Every structure is written in C-alpha cells, then in structure tokens.
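K.L.:
Have a look at the structure that comes next, please.
The values are calculated or read from the model by the stated rules, or taken from the named source; none is laboratory data. Owing to the predicted nature of the structure, the values given are computational and were not obtained by experimental measurement. Heads up, the Cβs are rebuilt from the backbone with ideal geometry, glycines too, and the neighbour counts pull from every protein chain shown. Surface accessibility is based on the protein's heavy atoms, side chains included, excluding ligands, DNA and RNA. Shrake-Rupley method; radii C 1.70, N 1.55, O 1.52, S 1.80 Å.
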Amino acid sequence: MQKLLQNPLAVTGLCLIGIILLLALLAPWIAPYDPDAVQVKQILIGPSAEHWMGTDGLGRDVWSRMLFGGRVSLLVGLVAVGISTAIGVILGALAGYYRGWVDTVIMRLVDIMLSIPSFFLILAVIAFLSPSITNVMIVIGLTSWMSVTRLVRAEFLSLTQREFVAASTALGAQDWRVIFKHCLPNSLTPVLVSVVLGIASAVLLESGLSFLGLGVQPPQASWGNILTDGKEYIQFAWWLSLYPGLAILITVLGYNLLGEGLRDVFDPRSNTTR
Amino acid sequence: MTHRPLPGMHFNCTTAHALAGQRLILGLLCSGLIACSPESEGPQTAALNQTYPAQPGGTMISAMPSDPSGMIGMVAGESASLAIGANLFNSLLKYDQHLDLAGELAAAWQVADDKKTITFKLKPGLQWADGKPLTSADVLFTWQLITDEKTHSPYASDYQLVTKAEAPDAQTFIVHYSQPFAPALESWASLQVLPKHKLAGQDIHTTNFAQKPLSSHYYQLKEWRHGEYIKLEKNPKSVLGPANIDQLIERIIPDPAAQFLELMADNIDSMTLDPITYARIIPSRPALQARLNQYKELGNSYTYLGFNLKRKPFDDVRVRKAINYAIDKQEIIDGVYLGLGIAIASPYKPGTRWSNPHLTPYPFDPAKAKQLLAEAGYTDTNGDGIIERNGKPLSFEVLTNLGNKQREKTAVIIQRRLKEVGIDTRIRTLEWASLLTNFIKPGDFDAVVMGWGLGLDPDQYSIWHSSQQGPGQFNFIGYNNPAVDQLLEQGRLEFDPQKRMQIYHDFAKRLYDDSPLVYLSAGYGLTAIHKRVQGIMHPVPPAGVSYDSQKWYIPEPLRRTQIQAE
C-alpha cells in the first residue's frame, strides 16, 4: 500500500477515479436539475451560470445528465468486470489445477472467444436480445473473461509445482481447499491489475454501445448516449460532445493509470529495475 | 429529383443514421477541424445571385440517404427505388403544379358515364430510350405484372380492382372496374410504366433490368455503384422532350451530418434538411447561407403515437382520449421540430380540401386526462405514482425506429408527460427492418411512434378499413369501426369532389372521436439547393419545389470545375 502511494501513476489514477466516483455517488444531491426534465423553451443553450454544461436538444441540463450518466457508466464497468472476473478466475483455476483435458477444453474455448472480435459479438448479441443496462452488463461480462482466465491459469500452473501445494495435497486436503485456500490468494495480484484495466475497457464499451443506441435506453442518461445526441448538433453545440467525451477520457485514463501503477508496484521485475 | 408524389401510402421511416462506432474519435476531430476553418467567401458569391438564361448542360449532385434495392419501385415498394424510378419511367397521368391531373403518356383520357370504365389515349410516337415504340401493350404488361400474385407488389390492391384491362390498338388502353373507384385516376398517375420487350418472360425479382433499366423519361441510368452513387444522364429520346441538366448524380450518404459536411464543402448541390440544420445551423453560417436556397413546404405526412387496439388498456376509448389529452403536441413541435410542424386533427395535410376545418387538435389538458382515467377505473391506490386498476398498473412499451432522433425525442417527451398523469411507459428503439418484421407485422406491440406518408387521393382504405388487418397490411393497429368502414367504402365510389369531401370530413370526425392514435405533428419538408441551380419555380407551387425539375439549369459560369476522379 505504501509503495502504491509512492507511485505517481497510481496516485494520479486514484485521484481521477476518486473524483469521478464521488461525483457519480453524490449525483442525486449535487445535480442542480432533474436529469430528465424536458424544457422545450431552453433547447441547446451554451454553458452558462445556470447550466454549467449547457442544455441538450430537449432542453435538459447536461451537467445533471452527466452526473447521472456517470453512475450508469461506472455501474456497468464494475458489474461487467465482476462477472468477467468471476468466470475468468473459476475457469482459469480449473484449467491450471486439473490440466489435461479440462485445460485443453477451457483453453480452446478461450481461443474461440478471442478469435471473435468482441465488439461485433456484443453488438450482435445485444441487437438480438433487447438493449438494456442489465443486458449490456451481462453481455460485456460474458465476453471479456478470457484474459483473466489465461492469467489465473498461468499462475496456477506454476503454483501447483510449489512445495506448499504439494504439502497440502500430501496432507490430504481436498481439491477445493487447495484451490481456494492456497493457490487462489497467491494468484490474485495479476488479476487485480487486469480488473482495473478491465473496468476501463468496459466503460469504453458501454459508451460505444450507448453511442450506437444499443446500450442504455432513453430517457436514462449515459455518457455514450449524451455523446450520440451531441453528434447531431456537433456543428454548433460543441458542449454536448466535449463534456461526455472528456468524462469518458478521464475515467478510462484514471483506471489505466491505476492499473499501470499497480502493475509497477506488484511486478518484482519492474521493482528491481527501479 | 422527382416531381412525382410517391404512390399511395407508405411507411415513413426517414433517415437512419450510419453506425460508425469505431471511428468516433476520428470523426469528432475531423468535423471539429472543418467547423473551425474560416469559410472563405467564394468569388462566385455575387455571381450566384445573378439570373442567367436557361441553357442545357452541367451536372447536379444530390444526396440520398439509402441505396435503392432496385430500379423497379412498384415492386420494391420503398421510397429510394420509387424516387429514382420517377426519373426513368413515365406514368399515364401526372399531377400539374396545382395538383390537378394532367396527361403524361396519355394525351387524353375519359371516364365513362357509369364511372366503371376509363379509356386512355396515348400520345403518338412515344418511344423508349433504345428507339423501340412505347405503346399501350407496355401499359397493359405493367398492369399484369403489378397485379400478378407472384410479384408481391405492395401496391397491387388498387390495380387488382380492375376486372379487365385491354389494349385494342397501340394507342388505346382501357380499364374496367366492377364498381366505381374514385382513386382510380390517382393510381394511374403513380403506375411507372415498364418496357414489355425487355421484361416479358423474365422473373421480376431476379431480372437484371432492376440493375440496368431501359427508360423513357428525362434520364437514363449511366452508372450505379452500390452504396456510393447513381449517375443518371439525359435521355435524348425522352417522351416529354429533353431536360436541361445533362447529368444527375445521386450520392448515397446515409448520415445526415455527413451529408451536411458535403454540402458545406460544396460537394453536393442539394439535400433534405432536418429542422435543427434548417433553423439553427445554416443561419449561423452566413457564408453557407449565402450560396443556398432553402425551401420549406408542408409535407403530405404526419407523425403519430399509435395504439395496439387489440390489447388492453387501449380497447378503452377513455384511456386513448386521456393519453391524447395528456400529451402536449405543441411542446413536441417546439422541442423536436423547432416549431417546424403543425398540430393536426384529421389525417390529411392541413389546408387541403380533405382536412376537416371544424376539428381542432386535442388540447393539452392533464386534469381532463386524469378525470378520464379515473372514469375508466384507474387510480393510484398504492401511492407509487403509477395509476392502476384491479391492482394492475397502467404501464406499456413505446416502440420507435432506431436512428430517427426526432422520433426518439418525441417518445421521451411523451414518456415524461404520461408519467405526470400516472402512466408508466418504457421506450424501446429498434432497427427499422426489425421493427416492421418482428413487431408491426405480427402485431406484437403496445404502442408505436411512427409516421404515415400519404398519397394525394384522400382514400385511406388500406390504413383504416377493418379488412386490412392481415400481417403486413397497413391497419396494423387493429382499428375496427363499421361506420368508418362504410364511409371509406362510400368514399371510393364517390366521384363528386364536394360529396367526397363531406365523406372524408365525416370520416375524420369519427377518427377524432375514437382517438385510435394521437396525431403528433404534420412536419415540413425542408430542402437546401445550391444557388447555382436556377429555374426553380418561384413561389413554390403546391406540387412542391421539385416540380418541373427538368426545367432547372446550371448556367455555365456557375458550374463546378469538372475534375473527375475516376
């Protein structure tokens, strides 16, 4: 933890994420307007003291929508990564611990999933199901577990060769005990890094889907669909594209910096070079 | 450019935006740069306001939102095909600038006294672009083709009412009906006549004629690059005499924002505008505005919120009326169409003879709405803000087509207003084809925000008659009112315009009382055309800005420097 706080990348990332998370969590209290309140008399007003980030094509306050949209984006990021990590860890552990045909089957599955461009797979699946936040979270989760699986499997392959694992097996510990008590805790470090980086890409994916109209459905705001509305007016209402764009940029940057920082801190090789 | 109203009714989907997700950031940057670069005033700005004498030659480039599926519009049934087809094929009749019928291929036509037989006399010496004569045999062949069950033309029903069609000589075409059919002449004004000598014996769905048509009208197809552009060149043998402009290029650009960038860069001469571009963006760019003529005309179409009348709670007229009262149409017109729309009370273009002047649109009256809902048994018993009857909350799903921003915004405003009277709605946007195939055709929906594009004849049998509820037919909301059925049948038999008007006024009144759908707005068609295109009729005639577009011309000094990137 100390090392983490000494790492400038990680600290910057933490601060950025902290600010965004705080704003999203406090949205109902700090949003000056109802995010869905339509005001047809105040369409597309530029940023001003009344509307910090201007208003959109229906006269809704962009700042309030950004705050509530942030909740959606971050929620999707966390839940989707939660799902993908759970799947990835379990499959990786099974493959790495049992090896043999279990390993072969799981790793070929990983190869198959990796061979499909995930964005298009997600697009197709969402178009087939109906677009909604829940579906977006589940589908992103179900299509992005492969890297975690590979990481966990690699860790398990080396851990199962260690003496303490052999010892606990010799003492008659059951498989689940060896997996969960001995191997898993020791393989979580790379997973943590990939979770943080995964959130960043999930946020980006959700924004992309909402931008295409296949994510969060109206009237609910998300950064992606504010951006889509902005595209229509980009000729003169720059604020509709700039602010959600910046928010996505800051969030993704924050998670990436934190992820890089974590990797530096935990990776023994990068420590020795320092 | 077409100057022909599209035949009959058609589903109106308007723009569907292209999906270019991965290129988002790049796209943002590029358009940002273009927006920032100063717009230099071309040396032509002064010249553009000068009027030149008409002269042939030049190229006009327009933008089209989607690639047509083929050139035979009467079979394809979609607006892109019909629009291109209108440059290639002629009809027996056409509408003149005042929307009265005039002859096109026909020199004269006569309706028999019993109104059951119409005789058309074709002009002499008509020919196709390949020099072969165009005769009544071609008309007869086209009629047979459209009415053939195997063709599956969406416009077949009007022509199937013809019990017998004959072509006794090359110049005469006679049709017989079993009973008088008032929209008959209109139907002959929208039938695009096809060449028999090219199509006879071919399978209409696989023939390469759809890709390489033979035309008789002002233009003929020169080149078609799918998804890129369609090049039409002047047909020297045009049956109506040659057009002025040598070449028309229809560039296929699905994204309106991309179309507009091309308009700003002067790569296209004309495009259809959305209200924001028309009312806000162009006025904010004086240099651009100086080289454009902008046209605003009330279109023959409207947007509506339609209910599935076969489902609860929409079988209750009080609920339908309550929803009608709860929606503020003016708010939608101001907010979504920036004031470029009109609230309507009958399903016709306001100001025309068919629109009933005694009806006024349902006012915005939430108190009345709540009262009607209470009468229908809906009250908020559990205090969650949503009204319910017998413990079932009043909640439904509103569908609309993906990419149509105006309809999405409309749905959001409706959702908001309905929530205020305690009705819970969910909005779902679906891709156009999927919306039609999976939800509209099987009748699997609660409510929809969609639009109707209408023909010039007041007959709306196919939309409202109770017999037209089959899968794929237009009365998909399941409207069934015997009195309306009778009026629609009567209207088809009546030729006297005054009596017909009364019938359709009564019809509109019944619809108004039943409120089977909420008329939201009749929208304006907005067009921008570069000032280098001259000869456009001024003021705009009732038939629309593109009427007589064959007389448009581009004076030599104003033409684009031709650099062909081949």
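K.L.:
Across region A:27-50, which residue is nearest to the other protein chains (Cβ to nearest Cβ) among those that are under 23 Å from B:Thr410 (Cα atoms) and open to solvent by less than 30 Å² (accessible area, probe 1.4 Å)?
P.N.:
Checking each candidate, the answer is A:Val40.
K.L.:
On the basis of being more than 22 Å from B:Asn324 (Cβ to Cβ) and not basic (Lys, Arg), does B:Asp459 make the cut? Explain how you work it out, then say what you get.
P.N.:
On the way: more than 22 Å from B:Asn324 (Cβ to Cβ): yes; not basic (Lys, Arg): yes.
Taking the combined requirement at face value, the residue satisfies it.
K.L.:
Go through region B:162-185 residue by residue and tally those that are acidic (Asp, Glu) and either out of contact with any strand residue (DSSP E or B) (no Cβ under 8 Å at 6 or more places or on another chain) or at pLDDT 95 or above (or both). Break it down stepwise before answering.
P.N.:
Initially, region B:162-185 is screened for residues acidic (Asp, Glu), giving B:166, B:169.
Now narrow it down to the ones that are either out of contact with any strand residue (DSSP E or B) (no Cβ under 8 Å at 6 or more places or on another chain) or at pLDDT 95 or above (or both): B:169.
The total comes to 1.
K.L.:
Only one of these conditions is not met by B:Asn480: (1) surrounded by fewer than 21 Cβ atoms within 10 Å (Cβ to Cβ); (2) in a helix (DSSP H, G or I). Which number is it?
P.N.:
Only one criterion in (1) surrounded by fewer than 21 Cβ atoms within 10 Å (Cβ to Cβ); (2) in a helix (DSSP H, G or I) is unmet by B:Asn480, namely (2).
K.L.:
Consider only pairs whose beta carbons are under 6 Å apart and that are at least six residues apart or on different chains; among these, list those whose first residue lies in region B:331-360 and is within 14 Å of chain A (Cβ to nearest Cβ) and whose second residue is open to solvent by less than 20 Å² (accessible area, probe 1.4 Å) and part of a loop (DSSP other than H, G, I, E, B).
P.N.:
Within 6 Å, the pairs are B:Gly335/A:Leu58.
K.L.:
Output the residues belonging to region B:439-475 that are open to solvent by less than 20 Å² (accessible area, probe 1.4 Å), of a type in the set (Phe, Trp, Tyr) and within 22 Å of B:Glu397 (Cβ to Cβ).
P.N.:
B:Phe445, B:Trp452
K.L.:
Which condition number in (1) open to solvent by 60 Å² or more (accessible area, probe 1.4 Å); (2) at pLDDT 90 or above is the one that A:Leu188 fails?
P.N.:
Result: A:Leu188 passes all but (2).
K.L.:
Go through region B:242-265 residue by residue and tally those that are within 14 Å of chain A (Cβ to nearest Cβ), open to solvent by 30 Å² or more (accessible area, probe 1.4 Å) and charged (D, E, K, R).
P.N.:
Here the count works out to 1.
K.L.:
How many of the residues making up region B:248-301 are assigned to a strand (DSSP E or B), of a type in the set (A, V, I, L, M) and in contact with a Leu (Cβ under 7 Å, 6 or more places away or on another chain)?
P.N.:
Here is the first cut: in region B:248-301, the residues assigned to a strand (DSSP E or B) are B:248-252, B:270-273, B:292-301.
Now drop any that are not of a type in the set (A, V, I, L, M), which leaves B:248-249, B:252, B:271, B:273, B:292, B:298.
Then drop every residue that is not in contact with a Leu (Cβ under 7 Å, 6 or more places away or on another chain), which leaves B:248, B:271, B:273.
Within region B:248-301, residues that are assigned to a strand (DSSP E or B), of a type in the set (A, V, I, L, M) and in contact with a Leu (Cβ under 7 Å, 6 or more places away or on another chain) number 3.
K.L.:
I would also like to ask the following. Only one of A:Leu16, A:Leu21 is away from chain B (no Cβ under 14 Å), in contact (Cβ under 8 Å) with a residue 60 or more places away in the chain and within 30 Å of A:Val193 (Cβ to Cβ). Can you tell me which?
P.N.:
On the way: A:Leu21 fails: in contact (Cβ under 8 Å) with a residue 60 or more places away in the chain.
The match here is A:Leu16.
K.L.:
Just to check your reading of the model, which residue among A:Leu204, A:Leu209 is over 21 Å from B:Leu430 (Cβ atoms) and touching a residue at least 24 places away in the same chain (Cβ under 8 Å)?
P.N.:
Working: A:Leu209 fails: over 21 Å from B:Leu430 (Cβ atoms).
Result: A:Leu204 is the single residue among A:Leu204, A:Leu209 that is over 21 Å from B:Leu430 (Cβ atoms) and touching a residue at least 24 places away in the same chain (Cβ under 8 Å).
K.L.:
Looking at region B:523-535, can you tell me whether even one residue there is modelled with pLDDT of 90 or more, within 21 Å of B:Ser301 (Cβ to Cβ), surrounded by fewer than 21 Cβ atoms within 10 Å (Cβ to Cβ) and small (Gly, Ala, Ser)?
P.N.:
no
K.L.:
Now a separate question. Sort out which residues of region B:483-495 are assigned to a helix (DSSP H, G or I), touching a residue at least 40 places away in the same chain (Cβ under 8 Å) and more than 23 Å from the chain's Cα centre (by Cα), and write them in order of number.
P.N.:
Pass one, region B:483-495, residues assigned to a helix (DSSP H, G or I): B:483-493.
From the residues that got through so far, the ones that are touching a residue at least 40 places away in the same chain (Cβ under 8 Å) too are B:491-493.
Answer for region B:483-495, where residues must be assigned to a helix (DSSP H, G or I), touching a residue at least 40 places away in the same chain (Cβ under 8 Å) and more than 23 Å from the chain's Cα centre (by Cα): just B:Leu493.
K.L.:
Can you confirm whether B:Ala129 is in a helix (DSSP H, G or I) and either open to solvent by 40 Å² or more (accessible area, probe 1.4 Å) or of a type in the set (Gly, Ala, Ser) (or both)?
P.N.:
Values: in a helix (DSSP H, G or I): no; either open to solvent by 40 Å² or more (accessible area, probe 1.4 Å) or of a type in the set (Gly, Ala, Ser) (or both): yes.
Answer is no for this residue.
K.L.:
Then there is this: Helices (runs of 4 or more DSSP H) wholly in region A:189-274 with at least 3 residues that are polar (S, T, N, Q), away from every other protein chain (no Cβ under 11 Å) and more than 22 Å from the chain's Cα centre (by Cα) - which ones?
P.N.:
Details: elements: A:223-232, A:239-266, A:268-273.
The qualifying helices (runs of 4 or more DSSP H) are A:268-273.
K.L.:
Against the condition more than 14 Å from every other protein chain (Cβ to nearest Cβ), under 30 Å from B:Met501 (Cα atoms) and in a loop (DSSP other than H, G, I, E, B), how does B:Gly472 come out, does it pass?
P.N.:
Values: more than 14 Å from every other protein chain (Cβ to nearest Cβ): yes; under 30 Å from B:Met501 (Cα atoms): yes; in a loop (DSSP other than H, G, I, E, B): yes.
The answer is yes for B:Gly472.
K.L.:
Search region B:266-280 for residues being charged (D, E, K, R) and away from chain A (no Cβ under 14 Å), and hand back the single one that is surrounded by the fewest Cβ atoms within 10 Å (Cβ to Cβ).
P.N.:
In the first step, residues of region B:266-280 are kept if they are charged (D, E, K, R); the result is B:266, B:269, B:274, B:280.
Imposing the further condition that a residue be away from chain A (no Cβ under 14 Å) reduces the set to B:266, B:269.
Values: B:Asp266: 15, B:Asp269: 25.
Across region B:266-280, the extreme among qualifying residues is B:Asp266.
K.L.:
Name the strands (runs of 3 or more DSSP E) wholly within region B:389-459 that hold at least 3 residues that are more than 12 Å from chain A (Cβ to nearest Cβ)? Show your work before the answer.
P.N.:
Numbers: elements: B:395-401, B:424-430, B:447-453.
Once the strands (runs of 3 or more DSSP E) in region B:389-459 are filtered for at least 3 residues that are more than 12 Å from chain A (Cβ to nearest Cβ), what remains is B:447-453.
K.L.:
Any residue in region B:302-328 that's in a loop (DSSP other than H, G, I, E, B): show its pairings with residues that are acidic (Asp, Glu) at Cβ separation under 7 Å, as long as the two are six or more apart or on different chains.
P.N.:
B:Asn308/B:Asp446; B:Leu309/B:Asp315; B:Arg311/B:Asp446
K.L.:
Any idea how many residues of region A:82-119 are within 14 Å of chain B (Cβ to nearest Cβ) and either more than 19 Å from A:Ile199 (Cα to Cα) or modelled with pLDDT of 95 or more (or both)?
P.N.:
Initial filter on region A:82-119 (within 14 Å of chain B (Cβ to nearest Cβ)): A:117-119.
So of that shortlist, the ones also either more than 19 Å from A:Ile199 (Cα to Cα) or modelled with pLDDT of 95 or more (or both) come out as none.
So the count comes out to 0.
K.L.:
OK, next. Looking at region B:330-347, which of its residues are more than 15 Å from B:Tyr512 (Cα to Cα) and open to solvent by 10 Å² or more (accessible area, probe 1.4 Å)? Can you show your working first?
P.N.:
Initial filter on region B:330-347 (more than 15 Å from B:Tyr512 (Cα to Cα)): B:330-342.
Matches in region B:330-347: B:Gln330, B:Glu331, B:Asp334, B:Tyr337, B:Leu338, B:Gly339, B:Leu340, B:Gly341, B:Ile342.
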